[in-house]
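The values are calculated or read from the model by the stated rules, or taken from the named source; none is laboratory data. This one's a predicted model, so the numbers in the text were calculated from it and none came from an experiment. Cβ placement follows ideal geometry from the backbone for every residue including glycine, while neighbour counts extend to all protein chains displayed.
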Amino acid sequence: MKEDEFRQFMIFLLNYGNIVVELSRLLNTKFMTKEDFEKPIGRALKDIFHCHNARLYPFRDYELARLTMLMKHLQHIERYDPMLLQKFREKINRSDSDYYGFRFEVAIASSLIKKGVHFTYPNPPDFRIAYDGSTICIECTSRHVSQDKYHKPLDIVLEIKRAINRKSRRRYDIPRCALFIDVTNLYYLAQLKGQINQLRSIKESIREVLEKESNFGSILLFVYIMNKDKNRFEFNYIRMDNKKIDQTLKDFLDKFYPIGKYGVLNFVIPERG
């Protein structure tokens, strides 16, 4: 191994080791047994070494960046409320479906904390926020397609509608509650299958669902991306408001999750957040 390669390898090992140690501490778990590496986070740690040994360095670094983002989000939560971190610990690593919900709620909690928003975590709804003399709430969900269905045609709008319908007609399906949906896996598959054109009709289709089938004040679709120009993991969204959105919720979203024109041209969408 050449000197430069050895130096890069040692930097990789140091970063990897730091992530393993810190995630172990934050989640009060260990990555030691075979079973540990069959769970979502352990599997990601194993994939990092697989990519490294196969010299698939970009994919290795994407996975490292993804876990680094998770680590930072958990650190934000720990500083905000150690008891909240304990609640998230109880959800982690049970199964893939539990992990997706856990990961998205962690990301939203971290986002609110960084924005200086104080909240409670009644679950359900996932987040309750006192704002401008009123109470608003955020409910989170995610939509993923199981790998055994990857080869089948993908209807992104239908999959998102299913996520909305699963949360509709519940007591928090009201104009002062926003529904946040992680659609990273759907966007990943759309890119993989060459079906990006489907994404152009999403806003109009979701607005139609809001008007006819749901009382949520707003729906935000979130996607994790790797911004290659800035060499960082990001969490971007598109927002669609219901015509009957509660004014306090709208004011809150306009301040903290505004409808903007931020765009990223050079990016990679991971299979999951």
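The residues of the range 124-147 that are in contact (Cβ under 8 Å) with a residue 12 or more places away in the chain, in a loop (DSSP other than H, G, I, E, B) and more than 21 Å from I245 (Cα to Cα), listed by number, are R143, H144, V145.
Only one residue in L64, L112, L84 is part of a helix (DSSP H, G or I) and farther than 30 Å from K228 by Cα, so which one is that? Walk me through it before giving the result.
Details: L64 fails: farther than 30 Å from K228 by Cα; L112 fails: farther than 30 Å from K228 by Cα.
Exactly one of L64, L112, L84 is part of a helix (DSSP H, G or I) and farther than 30 Å from K228 by Cα, namely L84.
Cβ-Cβ distances below 8 Å connect the following pairs, each with a first residue in the range 247-264 that is assigned to a helix (DSSP H, G or I), a second residue that is among the β-branched types (V, I, T), and a separation of six or more residues or different chains: T248/I136; L249/I136; F252/I129; F252/I136; F256/V117.
Residue-wise test of (1) farther than 27 Å from A65 by Cα; (2) without any contact (Cβ under 8 Å) to a residue 40 or more places away in the chain.
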| position | (1), (2) |
| --- | --- |
| K161 | yes, no |
| A190 | no, yes |
| G217 | yes, no |
| Y224 | no, no |
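Scanning for something touching a strand residue (DSSP E or B) at 6+ places or on another chain (Cβ under 8 Å), modelled with pLDDT under 95 and crowded, with 19+ Cβ neighbours inside 10 Å, does the range 245-263 turn up at least one residue? No, every residue in the range 245-263 fails to be touching a strand residue (DSSP E or B) at 6+ places or on another chain (Cβ under 8 Å), modelled with pLDDT under 95 and crowded, with 19+ Cβ neighbours inside 10 Å.
Being at pLDDT below 85, surrounded by 13 or more Cβ atoms within 10 Å (Cβ to Cβ) and assigned to a helix (DSSP H, G or I) holds for only one residue in I160, I202, I164, I206, and it is I202.
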